[in-house]
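Colleague: I have a structure here, written as structure tokens, and I will follow up with some questions on it.
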Amino acid sequence: MQHQSQLSVSEPLEAALKAGEREHPRAAALARELLGRAGSVFRQQLRFLLEQRPEFWPHAERLTRAVQQLGNDPAECLIEYTVTTIKEQLRFLHSGSYGHDDFDAVLAQVYANPEVMKGFYLDGLLLSYAYWPSQLDLYRFFRGELLPRLPAHGLGAEVGFGHGLYLLDILSAQPGLRAQGFDISEHSLSYAARLLAQQGIGAERFQLSLADVRAGFPVHDHSYDWFVFAEILEHIPDPEGALREVRRLVKPGAPVFLTTVMNSNAMDHLYLYTELSQIEAQVSAAGLEIEARQVLRVADYTRDSRDPSSTVALIARPRG
Ligand SMILES: C[S@@+](CC[C@H](N)C(=O)[O-])C[C@H]1O[C@@H](n2cnc3c(N)ncnc32)[C@H](O)[C@@H]1O
């Protein structure tokens, strides 16, 4: 009986993997390895991606190739990143709190720690944009809502760029754009610089610097034609102050891509949002007007899940 139910899960998956593997061999090999090594974690989500998201294949192939070319083992990094995040989420579901309230401790344990950042965090997070359904849909929102709003020329910025995928795709989509990136982690800086160079973005088009958003930026008001502030609000103690700083930095009419999470823990989440209204109120109080939004609930992708974890993606522009 058990054998039969296992077959009923694996047969369609096997057929889907076979169908995709000729054109997307790296993605198929990684999917097989995930199923072999951590099937209970990945089976349901891979099945969803293979059945419901045709863009999974080319996107997963591209990100898997990028991670391999940067020298890391994609399966190792993605499993470690995913399992670490699940453990943190279980802790949150048990306690009702993220359990990290000291930014400097997170800085030492995570952003300044090569074993974490170079070991699995940056590659794992990058790969999650293909191999986690909610992250793939977040990426879809980014492509569908931010890229068409970008100007053809000018200078933009991303704060907390991490792996650098958003910078890469923005600079690839609009050859007339230049970018500045700021991040507190030297490991993010070197990873993103390598990713952009490896993918053929000319060094004259981007400048990456170490900076701490808590201290503000030594940049004139209204410097940027577009702005990305993704997965950073939940990492800092004062997201409202940071949003006001974003508002100060952007030119009138500049599109701002913002993402954050609700009820969703990770090893470096500090600030807990429980409702969309809290996020929207902070964005609005900073002087930004929301013009597109998507809420991605993990439970919507997982049968029988009561996990309250959600990701929120917004496009906003400065008001007035
Ligand atoms: C979860 S990653 C987000 C990466 C990418 N933006 C994304 O959405 O996938 C968070 C990044 O923010 C950086 N970061 C955290 N606190 C920061 C701070 N106070 N100032 C600047 N960067 C910070 C970290 O080093 C890390 O690279």
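Colleague: The conditions are (1) acidic (D, E); (2) more than 26 Å from D307 (Cα to Cα); (3) touching a Phe, Trp or Tyr at 6+ places or on another chain (Cβ under 8 Å), and E76 fails exactly one of them. Which is it?
Modeller: (2)
Colleague: Closer than 27 Å to D268 by Cβ, buried (at least 16 other Cβ atoms within 10 Å of the Cβ) and more than 15 Å from the ligand (Cβ to nearest atom): is that true of L30 in this structure?
Modeller: Working: closer than 27 Å to D268 by Cβ: yes; buried (at least 16 other Cβ atoms within 10 Å of the Cβ): yes; more than 15 Å from the ligand (Cβ to nearest atom): yes.
In short, yes.
Colleague: Going by the structure shown, is F257 more than 11 Å from the ligand (Cβ to nearest atom), at pLDDT 95 or above, of a type in the set (F, W, Y) and part of a strand (DSSP E or B)? First the steps, then the outcome.
Modeller: Numbers: more than 11 Å from the ligand (Cβ to nearest atom): no; at pLDDT 95 or above: yes; of a type in the set (F, W, Y): yes; part of a strand (DSSP E or B): yes.
Against the criterion (more than 11 Å from the ligand (Cβ to nearest atom), at pLDDT 95 or above, of a type in the set (F, W, Y) and part of a strand (DSSP E or B)), F257 does not qualify.
Colleague: Among the residues of region 167-190, which ones are in contact with a helix residue (DSSP H, G or I) (Cβ under 9 Å, 6 or more places away or on another chain), away from the ligand (no atom under 13 Å from the Cβ) and assigned to a loop (DSSP other than H, G, I, E, B)?
Modeller: Within region 167-190, Q174, P175 qualify.
Colleague: Another question about this same structure. Scan region 201-222 and give yes if some residue there is in a helix (DSSP H, G or I), within 19 Å of the chain's Cα centre (by Cα) and either more than 27 Å from S128 (Cα to Cα) or within 16 Å of the ligand (Cβ to nearest atom) (or both), otherwise no.
Modeller: Our first condition is that a residue be in a helix (DSSP H, G or I); within region 201-222, this holds for 203-205, 213-215.
Next cut, within 19 Å of the chain's Cα centre (by Cα) only: 213.
With either more than 27 Å from S128 (Cα to Cα) or within 16 Å of the ligand (Cβ to nearest atom) (or both) added as a condition, the list becomes 213.
Taking every residue of region 201-222 in turn, at least one turns out to be in a helix (DSSP H, G or I), within 19 Å of the chain's Cα centre (by Cα) and either more than 27 Å from S128 (Cα to Cα) or within 16 Å of the ligand (Cβ to nearest atom) (or both).
Colleague: Something else now. Any idea how many residues of region 301-320 are among the small types (G, A, S) and either surrounded by 14 or more Cβ atoms within 10 Å (Cβ to Cβ) or under 19 Å from F142 (Cα atoms) (or both)?
Modeller: Looking only at region 301-320, we keep the residues that are among the small types (G, A, S), and these are 305, 309-310, 313, 316, 320.
After this cut, where a residue has to be either surrounded by 14 or more Cβ atoms within 10 Å (Cβ to Cβ) or under 19 Å from F142 (Cα atoms) (or both) as well, the list is 309-310, 313, 316.
The qualifying residues number 4.
Let's see how each residue does on (1) closer than 27 Å to A105 by Cβ; (2) touching a residue at least 12 places away in the same chain (Cβ under 8 Å); (3) surrounded by fewer than 16 Cβ atoms within 10 Å (Cβ to Cβ):
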residue: A254; (1), (2), (3): no, yes, no
residue: F257; (1), (2), (3): no, yes, no
residue: V261; (1), (2), (3): yes, yes, no
residue: G287; (1), (2), (3): no, yes, no
residue: R293; (1), (2), (3): no, yes, no
residue: L296; (1), (2), (3): no, yes, no
residue: A299; (1), (2), (3): no, no, yes
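Colleague: Follow-up. Between a residue in region 82-107 that is over 27 Å from V213 (Cβ atoms) and any residue that is more than 16 Å from the ligand (Cβ to nearest atom) and assigned to a helix (DSSP H, G or I), which pairs come within a Cβ distance under 8 Å, given they are 6 or more apart or on different chains?
Modeller: Listed by first residue and then by second, the contacts come to V83/A38; V83/V41; I86/V41.
Colleague: Next question. Within region 207-218, does at least one residue satisfy the condition of being under 23 Å from S264 (Cβ atoms), modelled with pLDDT of 95 or more, of a type outside the set (F, W, Y) and in contact with a Gly (Cβ under 6 Å, 6 or more places away or on another chain)? Full working, then the answer.
Modeller: In the first step, residues of region 207-218 are kept if they are under 23 Å from S264 (Cβ atoms); the result is 213-214.
Next cut, modelled with pLDDT of 95 or more only: 213-214.
Cutting the leftovers down to of a type outside the set (F, W, Y) gives us 213-214.
Those left that are additionally in contact with a Gly (Cβ under 6 Å, 6 or more places away or on another chain): none.
No, region 207-218 has no match at all.
The values are calculated or read from the model by the stated rules, or taken from the named source; none is laboratory data. This structure is a prediction, so every number in the text was calculated from the model and none was measured. Using ideal geometry, Cβ is built from the backbone for each residue, glycine included, and neighbour counts are taken over all protein chains shown.
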